[in-house]
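Take a look at the structure below.
The values are calculated or read from the model by the stated rules, or taken from the named source; none is laboratory data. What you are looking at is a predicted structure, and each value in this text was computed from that prediction instead of being measured. For neighbour counting, all protein chains shown are included, and Cβ atoms are generated from backbone atoms with ideal geometry for every residue, glycine included. Remember, those area values only see protein heavy atoms, side chains included, never the ligands or the DNA or RNA. Shrake-Rupley method; radii C 1.70, N 1.55, O 1.52, S 1.80 Å.
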Amino acid sequence: MSEKHLQSGDSLPPFTGKLRLFAMRFCPYAERSILCLNAKKLQYDLVFINLDHKPEWIFQFNPKGAVPALEYEEGKAIFDSNVINVYLDEKYPEIPLQNSDPLRRAQDKLLVEMFAGAQSAYYTAAFNPQAVEPSMVENFHKGLDLLQKEIESRGTKFLNGDEPGLVDYTIWPFLERFEALPILGQQEFAIDKSKYEILITYMAAMRDSPAVKAYALAPDTHAKFTESRIKGDANYNMLDTSAVCCMRPRKKKE
């Protein structure tokens, strides 16, 4: 798999007959669909695109030009991670990712919806830190508290049960990125072990799950991409061998 992000003027790669996902390597929404494809052990091609200089053909697969978009037949696609992931789970039921109980599926959707406040706070803290207000920090930690209590009340290793499911793969990409915030100087968004022991245990189990392990990036890598984007020159193609690595010490911002 190439880590290169195709851009305006680049040709659309030939269709191979496999499912094909159009994504951006650092996009949490695209990651949701990649994790589902991985968890279901499906064969697929992955095409990364530069969202600042989009190739003209991406609009054939999503009129909005956004990712992810899933090409399920040559020239035919659906988009939006939630739509894609439910489609994948229903189309390929051999490894189910949703609970068979309608009530639990509804509860999972509500949990994702209630966690959205923490995601919104993350975007402000990461990409517009000067605009962070105390209420955003409060909403961030409310989301973490909610998630931790839900993990504890369910009494299972993952929100889905003994194995991760759609609810886990929907929430995880943001938890992965949350860990980059202290590196970016946003210490008030740190996930403190003394306060979030259950959540941290869950996060460690998620990072070690095969679908996540095959795609996850270190917090330091997310921080570097975020810094490049803040500077107005997002480094989409930063993931060479030296970039995908363990977290390295970084001088804290004052």
For the stretch 44-53, which positions are over 16 Å from the mean Cα position of the chain (by Cα) and either of a type in the set (F, W, Y) or under 11 Å from Y215 (Cβ atoms) (or both)? Y44
Applying the selection to the stretch 22-51, what residues are of a type outside the set (G, A, S) and within 17 Å of L12 (Cα to Cα)? F22, M24, Y44, D45, L46, V47, F48, I49, N50, L51
Exactly one of (1) surrounded by fewer than 18 Cβ atoms within 10 Å (Cβ to Cβ); (2) aliphatic (A, V, I, L, M); (3) under 21 Å from R32 (Cα atoms); (4) over 14 Å from the mean Cα position of the chain (by Cα) is unmet by A214. Its number? (4)
For P102, indicate whether it is open to solvent by 70 Å² or more (accessible area, probe 1.4 Å) and within 19 Å of D192 (Cα to Cα). no
Name the strands (runs of 3 or more DSSP E) wholly within the stretch 15-102 that hold at least 1 residues that are in contact with a Lys or Arg (Cβ under 8 Å, 6 or more places away or on another chain), touching a residue at least 12 places away in the same chain (Cβ under 8 Å) and not hydroxyl-bearing (S, T, Y)? 44-49, 69-73, 76-79
Every residue from the stretch 116-161 that is charged (D, E, K, R) and part of a loop (DSSP other than H, G, I, E, B): E133, K157
Looking only at the stretch 117-157, filter to residues that are more than 22 Å from F225 (Cα to Cα) and under 17 Å from the mean Cα position of the chain (by Cα); which one of those is surrounded by the fewest Cβ atoms within 10 Å (Cβ to Cβ)? G117
Are any residues in the stretch 162-208 open to solvent by 30 Å² or more (accessible area, probe 1.4 Å), outside any loop (DSSP other than H, G, I, E, B) and of a type outside the set (A, V, I, L, M), and if so, which ones? Q187, E188, E197, T201, R207, D208
The residue that is farthest from the chain's Cα centre (by Cα), considering only those in the stretch 5-43 that are open to solvent by 50 Å² or more (accessible area, probe 1.4 Å) and under 25 Å from R177 (Cα atoms), is Q7
Mind telling me which of the residues E94, E90, E56 ends up being at pLDDT 95 or above and under 30 Å from Q7 (Cα atoms)? E56
Looking only at the stretch 72-87, decide whether some residue is of a type in the set (D, E), at pLDDT 95 or above and over 30 Å from I230 (Cα atoms). yes
